[in-house]
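The values are calculated or read from the model by the stated rules, or taken from the named source; none is laboratory data. Since we're looking at a predicted model, the values are computed, not measured. All Cβ positions, glycine included, derive from the backbone under ideal geometry; neighbour counts span all protein chains shown. What goes into the accessible areas is simple: the full protein's heavy atoms, side chains included, and nothing from ligands, DNA or RNA. Shrake-Rupley method; radii C 1.70, N 1.55, O 1.52, S 1.80 Å.
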Amino acid sequence: MRARLTHWLNGRGFAGILIGLPYLWLLILFLLPFLIVVAMSVATRTPTAPPFGFGGENPLVNLDGYARLFTDDLYIRAFTTSLLNAGVATLLCLLLGYPMALGLTRVSKGWRNILLMLVILPFWTSFLLRVYAWMGMMGRNSWFNQMLTDAWNWLTPEGWAVTSLPLMHSNFAVVLVMVYTYLPFMILPLYASLERLDPALDEAAMDLGSRPFRVFLDVTLPQSIPGIVAGALLVFIPAAGELVIPTLVGDAASPMIGRVISDEFFSARDWPMASSVAVALLLLMVVPTMLYSRAQARADGAEAKPGGQTQP
């Protein structure tokens with residue numbers, strides 16, 4: 001028996017174990033919890049512990065939670081607010097992160113390492129501490145608020161002058177803190193994509209008479225699309241389901257979907273409804289990503305076939 005086990009490990013067994021461990025990890029920590037949440041989403045709310053049930057006096061499959069997603073204004077507004085805030089934050093991260101990532105590829109290696117360290121430096125500080133720091137900066141008596149107030153009073157008519165701007169508990173505050181928090185997740189994929197580009201292509205385009213901006217639009221930008229997509233997904237997906245930032249700096253009258261899920265679980269103790277919202281949010285994030293990955297795989301496969309190469 002021992003000899004057979006040794007022979008199996010020396011053959012394909014050890015490789016099979018290494019390959020199977022990630023799948024086992026995903027099975028235990030993703031698939032099984034997801035199936036539990038899906039099961040709870042079709043359960044019925046009960047006063048028992050846990051507060052849901054199947055069968056008996058309750059229907060075996062209850063889809064009322066999913067129906068409420070399309071009829072209750074709370075969930076419609078929460079999804080709309082979440083997607084809007086996440087979309088604006090992703091766009092701002094792209095507009096800020098792309099020049100920074102491009103600049104990282106154009107500096108010397110010594111400066112590049114220092115600047116990359118500065119990009120990831122915020123991760124060395126607690127996430128909650130950084131959010132609390134922004135709460136202090138957006139307070140009515142802070143220097144940051146006073147600076148924005150002075151700029152507002154200078155740019156607007158005299159009749160619109162204010163003593164301070166109501167920055168806290170608004171969608172503006174949510175988007176601002178999310179941009180600060182998730183900006184490194186946009187910069188790093190963009191840098192990884194731009195750093196692999198051949199600078200000789202830019203030089204060739206300029207030698208052929210293209211202006212720098214046209215070179216960027218025709219050569220650099222198209223080749224960096226994979227990095228843009230990767231960065232956008234890394235920012236948009238967690239931003240859409242964000243809980244801490246909207247809870248601390250957001251408007252309670254216009255909650256994002258992460259806060260709605262938390263309130264349904266812990267305040268209302270409506271676990272089936274909270275699970276329905278969670279499943280809907282997951283599908284809303286994962287399905288477009290899977291469709292894009294499938295389309296990208298097909299495009300890569302078409303380019304790899306003989307005669308499928310596209311002309312630059």
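State whether one or more residues within segment 213-235 are assigned to a loop (DSSP other than H, G, I, E, B) and assigned by TED's automatic domain parsing to the domain that holds Arg140.
Narrowing segment 213-235 to residues assigned to a loop (DSSP other than H, G, I, E, B): 224.
Subset that is assigned by TED's automatic domain parsing to the domain that holds Arg140: 224.
Scanning segment 213-235 turns up at least one residue that is assigned to a loop (DSSP other than H, G, I, E, B) and assigned by TED's automatic domain parsing to the domain that holds Arg140.
Residues that are of a type in the set (A, V, I, L, M), at pLDDT 90 or above, within 25 Å of the chain's Cα centre (by Cα) and within 29 Å of Ala173 (Cβ to Cβ) do occur in segment 52-75.
Within segment 153-178, the set of residues being within 30 Å of Met256 (Cα to Cα) and among the β-branched types (Val, Ile, Thr) comprises Val162, Thr163, Val174, Val175, Val177. Can you confirm whether Leu284 is closer than 30 Å to Ala133 by Cα, touching a helix residue (DSSP H, G or I) at 6+ places or on another chain (Cβ under 9 Å), not small (Gly, Ala, Ser) and not in a loop (DSSP other than H, G, I, E, B)? No: the conditions fail for Leu284. Which of the residues spanning segment 138-180 are surrounded by 10 or more Cβ atoms within 10 Å (Cβ to Cβ), at pLDDT below 90 and of a type in the set (D, E, K, R)? Listed by number, the list holds a single entry, Arg140. Taking (1) among the β-branched types (Val, Ile, Thr); (2) farther than 24 Å from Phe236 by Cα; (3) open to solvent by 40 Å² or more (accessible area, probe 1.4 Å) in turn, Thr105 satisfies each apart from (3).
Asp251 meets each of the listed conditions (1) open to solvent by less than 70 Å² (accessible area, probe 1.4 Å); (2) in a helix (DSSP H, G or I); (3) among the charged types (D, E, K, R) apart from (2). Pick out, from segment 1-117, the helices (runs of 4 or more DSSP H) lying fully within it that include 1 or more residues that are in contact with an Asp or Glu (Cβ under 6 Å, 6 or more places away or on another chain) and not assigned by TED's automatic domain parsing to the domain that holds Arg269. Hits in segment 1-117: none.
Give segment 209-232 a look and list any residue that's open to solvent by less than 60 Å² (accessible area, probe 1.4 Å) and touching a residue at least 24 places away in the same chain (Cβ under 8 Å), or say none. If the condition is that a residue be open to solvent by less than 60 Å² (accessible area, probe 1.4 Å) and touching a residue at least 24 places away in the same chain (Cβ under 8 Å), then Thr220, Ser224, Gly227, Ile228, Val229, Ala230, Gly231, Ala232 are the ones that fit. Taking the stated definitions as given, is Pro238 touching a helix residue (DSSP H, G or I) at 6+ places or on another chain (Cβ under 6 Å), under 24 Å from Val119 (Cα atoms) and either assigned to a helix (DSSP H, G or I) or polar (S, T, N, Q) (or both)? When the stated conditions are applied, Pro238 does not pass them.
If you go through segment 51-74 and keep only what is open to solvent by 60 Å² or more (accessible area, probe 1.4 Å) and at positive phi, you end up with just Gly56.
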